[in-house]
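Peer 1: Pasting a structure here, questions to come.
The values are calculated or read from the model by the stated rules, or taken from the named source; none is laboratory data. The structure displayed is predicted, hence computed values, not measured ones. Note: ideal-geometry Cβ built from the backbone for every residue, glycine included; neighbour counts use all protein chains shown.
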Amino acid sequence: MTRRELLRRAALAGAALPLAAQQEPPTLLVHSSELSGLQPSAALKTARDTGITKGPWSVTYTRPEGLSEAGLHDFFSEAPYWWPDPKNPNGPYIRKDGKVNRDRFVDHDIHLGRMSNTVLALALSATLTKDEEAADRAWRLLDVWFLQPDTYMNPNLEFGQAIRGITTGRGIGIIDTRPLIWCVQGIALLERGCPNPKLSAGLRRWFSDYVQWLTTSTKGLEERDNGNNHSTWWATQVAAYSTFCGDAKSEQKAYELCRTRLIPSQLRPDGSAPAEEARTRSLSYSIMNLDAFSLLCRLAAQRGIDLWTFKTPEGAGVLTSVEYLAPFAAAPSRWKKPQITPITQTRGYFLGLAGMATNRRDWVELQQKTGHPGGSWGILFDMLMNQWLAHA
């Protein structure tokens with residue numbers, strides 16, 4: 001049996017155990033058997049050396065003065081596709097799907113992304129190279145963003161993706177916190193090699209509160225029921241944060257939602273995703289949706305639950321959609337549906353995740369050929385693919 005097969009089977013080793021009975025600390029997107037063999041890359045060293053000097057960040061450092069009733073500790077963002085109305089410049093904004101308003105308030109989006117990206121880079125360096133300086137810096141960044149009395153962020157998105165003149169916040173804004181998936185991945189790594197029990201306890205309380213809000217609030221439930229990639233990213237976030245904070249019930253509900261609603265309502269037996277293909281950037285959103293499905297499938301697999309091969313009675317499933325979209329990821333010019341912006345080669349990772357999960361070397365190699373995300377997740381993803389290919 002090859003090491004690759006051992007790695008794949010290890011990711012499914014917990015299948016016979018209920019989630020609450022699995023005692024090993026979760027590593028989220030990286031199984032312990034993979035982690036032990038990862039080789040630090042030059043890109044990781046660069047990210048570590050850059051990250052060690054950056055931050056900290058906080059939602060309290062910059063505020064949307066005059067734009068919102070959000071409090072000092074509230075995350076605030078504005079909807080990207082909403083613009084001033086030329087016919088009524090001081091009136092409510094109007095929507096231009098796919099056209100990004102660069103003048104909106106984006107500070108909290110940027111800072112949350114930078115914090116999450118840096119925490120993961122430092123955590124990877126700390127875990128793989130016993131880098132205590134990196135670990136200390138990562139814990140410091142986490143303490144400032146989530147826990148310090150003067151700088152913490154409230155565990156909700158009540159003021160996400162507001163629209164001037166229309167609404168102070170929408171459930172759709174929840175998608176803005178998806179970089180926190182990389183953040184909790186970083187925390188999980190830190191806990192294995194460079195633990196800080198006091199901060200870990202506080203972070204688990206924060207994410208437990210956020211999961212509670214995601215799964216019970218009006219905006220959280222609106223996002224769950226949105227019906228397109230927003231619902232998929234909601235489930236992926238709930239699964240990741242629930243895994244981290246030990247909420248087996250909420251984690252299981254995210255996987256069940258995938259089987260009973262997300263796949264049946266979003267994916268077709270031919271592999272298409274009509275809600276994404278109706279957009280002005282239909283290929284971008286189709287890729288984004290499959291990225292979320294693939295992360296959700298990988299999270300579930302790490303816990304012994306197989307969502308990769310699940311299919312509806314009609315034949316819809318994640319792998320069918322991967323097959324459908326793969327040719328267009330390789331050659332975006334073949335896509336004939338609306339796509340008002342170019343596809344970059346740093347977008348998407350569903351091919352690599354699906355390929356590693358199903359022993360499809362062609363998908364993994366295609367992923368490396370077509371590109372993958374930048375940032376710390378891209379670095380980790382690349383190391384995982386290189387390790388997988390080396391043992392194929």
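Peer 1: Can you tell me which residue within segment 180-220, out of those that are polar (S, T, N, Q), closer than 26 Å to residue 126 by Cβ and touching a residue at least 40 places away in the same chain (Cβ under 8 Å), is surrounded by the most Cβ atoms within 10 Å (Cβ to Cβ)? Walk me through it before giving the result.
Peer 2: As a first pass, look at segment 180-220 and keep what is polar (S, T, N, Q): 185, 196, 200, 208, 212, 215-218.
From what is left, the residues that are closer than 26 Å to residue 126 by Cβ are 185, 196, 200, 208.
Going one step further and asking which of them are touching a residue at least 40 places away in the same chain (Cβ under 8 Å), we end up with 185, 196.
Details: 185: 25, 196: 19.
Among them, the one singled out is 185.
Peer 1: Name the residue, out of 342, 327, that is free of Cβ contacts under 8 Å to residues at least 24 places away in the same chain and more than 20 Å from residue 280 (Cβ to Cβ). If you could, list the steps in order and put the result at the bottom.
Peer 2: Values: 342 fails: more than 20 Å from residue 280 (Cβ to Cβ).
The conditions single out 327.
Peer 1: For residue 150, are the conditions met, namely being surrounded by fewer than 24 Cβ atoms within 10 Å (Cβ to Cβ) and not in a helix (DSSP H, G or I)? I'd like the intermediate steps shown before the answer.
Peer 2: Values: surrounded by fewer than 24 Cβ atoms within 10 Å (Cβ to Cβ): yes; not in a helix (DSSP H, G or I): yes.
Judged against the criteria, residue 150 is a match.
Peer 1: Okay, moving on. Taking residue 373, is it more than 22 Å from residue 308 (Cα to Cα), surrounded by fewer than 22 Cβ atoms within 10 Å (Cβ to Cβ) and assigned by TED's automatic domain parsing to the domain that holds residue 295?
Peer 2: Numbers: more than 22 Å from residue 308 (Cα to Cα): no; surrounded by fewer than 22 Cβ atoms within 10 Å (Cβ to Cβ): yes; assigned by TED's automatic domain parsing to the domain that holds residue 295: yes.
Answer is no for this residue.
Peer 1: Still on this structure, I have one more. Just checking, how many residues over segment 251-270 are touching a residue at least 40 places away in the same chain (Cβ under 8 Å) and either among the acidic types (Asp, Glu) or not assigned by TED's automatic domain parsing to the domain that holds residue 308 (or both)? Steps first, answer last, please.
Peer 2: The first filter runs over segment 251-270 and keeps only residues touching a residue at least 40 places away in the same chain (Cβ under 8 Å), leaving 251-252, 254-255, 258-259, 263-264, 267-270.
This time we only want the ones that are either among the acidic types (Asp, Glu) or not assigned by TED's automatic domain parsing to the domain that holds residue 308 (or both), so: 251, 270.
Qualifying residue count for the region: 2.
Peer 1: So which of 306, 362, 382 ends up being surrounded by 15 or more Cβ atoms within 10 Å (Cβ to Cβ) and assigned by TED's automatic domain parsing to the domain that holds residue 252? Reasoning before the result, please.
Peer 2: Details: 306 fails: surrounded by 15 or more Cβ atoms within 10 Å (Cβ to Cβ); 362 fails: surrounded by 15 or more Cβ atoms within 10 Å (Cβ to Cβ).
Of 306, 362, 382, the one residue that is surrounded by 15 or more Cβ atoms within 10 Å (Cβ to Cβ) and assigned by TED's automatic domain parsing to the domain that holds residue 252 is 382.
Peer 1: Still on this structure, please answer the following. In the list 248, 278, 273, which residue meets the criterion of being free of Cβ contacts under 8 Å to residues at least 60 places away in the same chain and either surrounded by 20 or more Cβ atoms within 10 Å (Cβ to Cβ) or farther than 19 Å from residue 316 by Cβ (or both)? So that I can check it myself, show each step before the final result.
Peer 2: Working: 248 fails: free of Cβ contacts under 8 Å to residues at least 60 places away in the same chain; 278 fails: either surrounded by 20 or more Cβ atoms within 10 Å (Cβ to Cβ) or farther than 19 Å from residue 316 by Cβ (or both).
It is 273.
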